[in-house]
Every structure is written in C-alpha cells, then in structure tokens.
Amino acid sequence: MVQTTYWFDPAEYRARLARVQAALKARGLDALLAFQPETVTWVTGFFTRGYGSFQFAIIPAEGDPTLFCRDVEEYYLDSTCVFSDRVMWTDSDDKTALAAQTIAARTGRAAAIGVELGAWVLNAQRWEAIRAALPGVRMVDESALVPGMRLIKSPAEIAYQRRAAKAAEAGMQAAIDSAGVGVSEREMAAEICAAMIRAGSDLPGPGVMSSGERAFHLHGGYSDRVLEHGDIVQIETTPNARHYHARFMRPIRVAQASDADHRLVERLISIQDAAIATVAPGVPATTPDAIYRDGVLSAGLRETYTNKTFYSVGLLLQPSGGEPLEAHPGADWSFAEGMVFHTYVLAQGFGMSETIRVTAKGAERLTNFPRQLFVTAR
C-alpha cells in the first residue's frame with residue numbers, strides 16, 4: 001500500500017474544489033480543463049516533478065476531478081492526489097487523441113467547458129487537435145479563474161512560505177560568508193544552494209546572482225567569473241517549501257564599500273520601508289508603487305523606473321516565476337488580507353527586497369534578515 005504524503009489536509013483540497021465548482025456553475029460551465037500545473041496541484045494535490053509532461057485535470061461542476069497523466073506517475077498519483085479517478089497514457093499512445101476521448105467521456109460531446117488556454121503545457125498544436133476532436137463542445141478561456149482564487153493564502157500555505165523564508169535567510173548568510181576576492185560565482189552558488197537545501201528548500205536556487213558589470217542588470221545567473229576587489233554582488237535567494245516560495249535580495253560589496261554606497265543603500269531601505277508601511281487591505285497597488293518610483297527618481301538614483309515593484313508569490317512550479325498580480329502605475333487592483341508579495345527596489349547595481357504577507361493591520365515581513373549593505377571581510 002502506498003503511503004500518502006498530502007501537502008495539506010484533504011478537507012482543504014475539498015474546500016478548494018468546492019470554490020472552483022461554484023464558480024463553474026455561476027458561469028454556466030460543465031467543467032474546467034486545468035492544464036496549468038499549479039492549478040492541478042492546488043485543486044487535487046497531485047504533484048510529480050514530471051509535471052512538464054502532458055497532464056491535466058478535468059474538474060467537473062459536480063463530482064470529483066479526473067487526472068490525465070503519464071502512466072509512470074501512478075505512484076505519485078496514489079501518494080499525493082486526494083482524488084482517485086485517473087486516465088493514464090503510455091509513451092506509445094497518441095496522447096492527444098486519448099486526451100480528447102477522455103474529455104468526451106467525462107463531460108459529453110455537447111458540454112460547455114472552461115479551458116486554461118494560458119497554460120504553458122497546452123501548446124498550440126495540442127489545443128488545435130483537442131478542439132478539432134470535440135467540435136460540439138463549447139470551450140471558453142478561463143485561464144484566470146483558479147489563479148485568482150490562489151491569491152489569498154490559507155494559514156497552511158503561509159506556513160510553507162515561512163519555511164521557505166527561513167531557507168532564503170540561510171542561503172543569504174551563505175552568500176555573505178562565501179563571497180570574497182578570488183572566489184568564483186560558481187563556488188558561491190554551491191554554498192548558497194547547499195545551505196538552502198539543508199534549511200528545507202525543495203529546490204536549490206540560488207536565484208538571481210551576478211557580479212561585475214552583470215550586477216547592474218537584473219536576472220543574471222552564476223558563472224565562472226571570479227570576484228574582484230570592490231565588486232557588487234547582486235543576490236536574490238529563491239528557495240521554496242512544497243514549492244511555496246519566499247525570496248529576498250541584499251546588496252553585497254566585496255572587500256570594500258564607499259560612504260556613498262552606504263548612503264545609497266540606506267536611501268533604498270528608507271524608500272522601501274515607506275512603501276511597505278502603506279500596504280494594507282483595500283489599499284490600491286498604485287499607492288506603494290508610486291512611493292517606490294517617486295522616491296527613486298526624485299533622489300536621482302535612476303533616470304527611469306520601468307519595472308514592477310510588487311508581484312504575488314505562492315505555489316510556483318517552474319517556469320512560472322510569479323502569480324498574476326503585479327504593481328505598476330497602471331495596476332487596477334488593491335491589496336487584500338492573505339496575499340503574499342515579493343517587493344523590491346533596484347538602483348545602480350544594488351537590490352533590496354522582502355517577501356511580505358498582507359495582514360488585517362498591514363504588512364508582515366516573512367523574510368527577516370538584517371537590512372543593510374554587506375561588505376565582505378576579504
């Protein structure tokens with residue numbers, strides 16, 4: 001008998017399913033084809049690291065979901081999924097034809113079905129083949145239905161993000177301890193990854209990491225480059241627990257920092273503190289966003305400020321890097337209790353960020369590492 005390893009109590013999955021089914025009924029839909037891996041895992045519990053192969057869930061407006069996946073994943077279906085109905089394909093099957101047959105068998109050939117058309121696993125070829133095989137089925141795009149529900153985290157979800165935050169802190173300390181003149185980015189990355197894994201992260205990271213001229217450009221990855229005296233190291237640790245994410249940035253100077261460096265970082269911290277202090281339920285996203293932009297630009301720290309300042313994080317399966325909510329000047333949403341965000345500010349190669357939870361009274365930092373410019377001892 002397979003031992004179950006549910007990430008949450010089955011009652012939580014049942015409650016999530018009920019929310020989705022209520023929304024389907026309100027829209028006059030008979031089912032949802034959930035292709036986005038996060039949706040499948042969030043609603044059913046099913047998780048395998050092989051989620052990149054063709055798999056999805058048929059979520060009916062009434063009754064239990066059906067899982068469609070590769071046959072080698074049966075163990076993970078048995079151990080993680082709270083629902084039993086499944087159809088599995090083998091490597092010799094025409095998986096797209098079998099998918100269409102399964103959808104027809106579970107929903108009928110004249111159903112009205114929501115589809116996660118925005119899911120990266122549903123490529124154009126598969127979508128066209130499924131649609132052609134089900135000419136009598138009315139299909140509408142419902143890509144935003146479940147992601148919108150996932151924005152408010154349950155206490156159990158927040159608990160995983162707290163664990164991830166602790167792993168992020170361990171990784172950052174390893175970054176500071178290992179950085180130094182003559183040390184390669186690759187050596188630093190190895191120390192960061194090891195620290196985060198030992199602290200409970202399900203993936204190693206390390207996340208954004210770069211030095212030298214690449215420190216002035218977001219999304220650098222580690223390389224063979226060797227750190228030099230005076231380098232900036234841009235570092236963001238991005239671990240997760242049960243694939244629930246928390247992350248943060250801290251600036252590092254190698255062996256030497258100027259008074260101007262410290263003043264710049266202190267200004268960034270002041271701007272960020274002011275922005276986070278305004279976060280509370282009902283506050284428009286544009287309120288703290290404007291504090292970031294106006295603060296950075298009025299201080300002359302950047303000539304333009306085009307990147308987002310907040311984005312929602314939670315259950316993320318690569319290649320997903322964040323949830324749909326982002327703060328920018330055109331954002332039309334407001335903060336709500338239970339949301340979790342990564343919020344960051346960048347200028348002149350230095351980055352400062354936190355993962356925060358929106359509470360009834362304001363914002364709580366899930367990442368709790370000293371907020372300063374770190375200078376290595378060597």
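A short reminder: the numbers here are calculations on the coordinates, not readings from a lab. All of these numbers come straight from a predicted model, not from anything done at the bench. A quick note on method: Cβ atoms are made from the backbone with ideal geometry, for glycine too, and the neighbour counts reach across all protein chains shown.
Side notes on the structure shown:
- Taken over segment 86-114, residues that are within 17 Å of residue 39 (Cα to Cα) and of a type outside the set (Gly, Ala, Ser) amount to 2.
- When the residues of segment 244-270 are filtered to those that are assigned to a loop (DSSP other than H, G, I, E, B) and in contact with a strand residue (DSSP E or B) (Cβ under 6 Å, 6 or more places away or on another chain), the one that is surrounded by the fewest Cβ atoms within 10 Å (Cβ to Cβ) is 257.
- Any chance residue 2 is exposed (fewer than 14 other Cβ atoms within 10 Å of the Cβ), in contact with a helix residue (DSSP H, G or I) (Cβ under 6 Å, 6 or more places away or on another chain), hydrophobic (A, V, I, L, M, F, W, C) and assigned to a loop (DSSP other than H, G, I, E, B): yes
- Considering segment 278-305, and only residues there that are surrounded by fewer than 18 Cβ atoms within 10 Å (Cβ to Cβ) and in contact with a Pro (Cβ under 8 Å, 6 or more places away or on another chain), the residue that is farthest from residue 357 (Cα to Cα) turns out to be 290.
- Verdict on residue 163 being among the basic types (Lys, Arg), crowded, with 18+ Cβ neighbours inside 10 Å and in a helix (DSSP H, G or I): yes
- Complete set of residues in segment 181-220 that are on the phi < 0 side of the Ramachandran plot and in contact with a Lys or Arg (Cβ under 7 Å, 6 or more places away or on another chain): 181, 184, 185, 199, 202, 211, 220
- Any hit, segment 171-192, residues being over 16 Å from the mean Cα position of the chain (by Cα) and more than 30 Å from residue 370 (Cα to Cα): no
- Residue in segment 132-160 that is surrounded by the fewest Cβ atoms within 10 Å (Cβ to Cβ), counting only those that are under 17 Å from the mean Cα position of the chain (by Cα) and of a type in the set (Val, Ile, Thr): 152
- Qualifying residue in segment 225-237 (condition: touching an Asp or Glu at 6+ places or on another chain (Cβ under 6 Å), of a type in the set (Lys, Arg) and surrounded by fewer than 22 Cβ atoms within 10 Å (Cβ to Cβ)): yes
- All conditions but one from (1) under 26 Å from residue 203 (Cα atoms); (2) not in a strand (DSSP E or B) apply to residue 273; the one that does not is (1).
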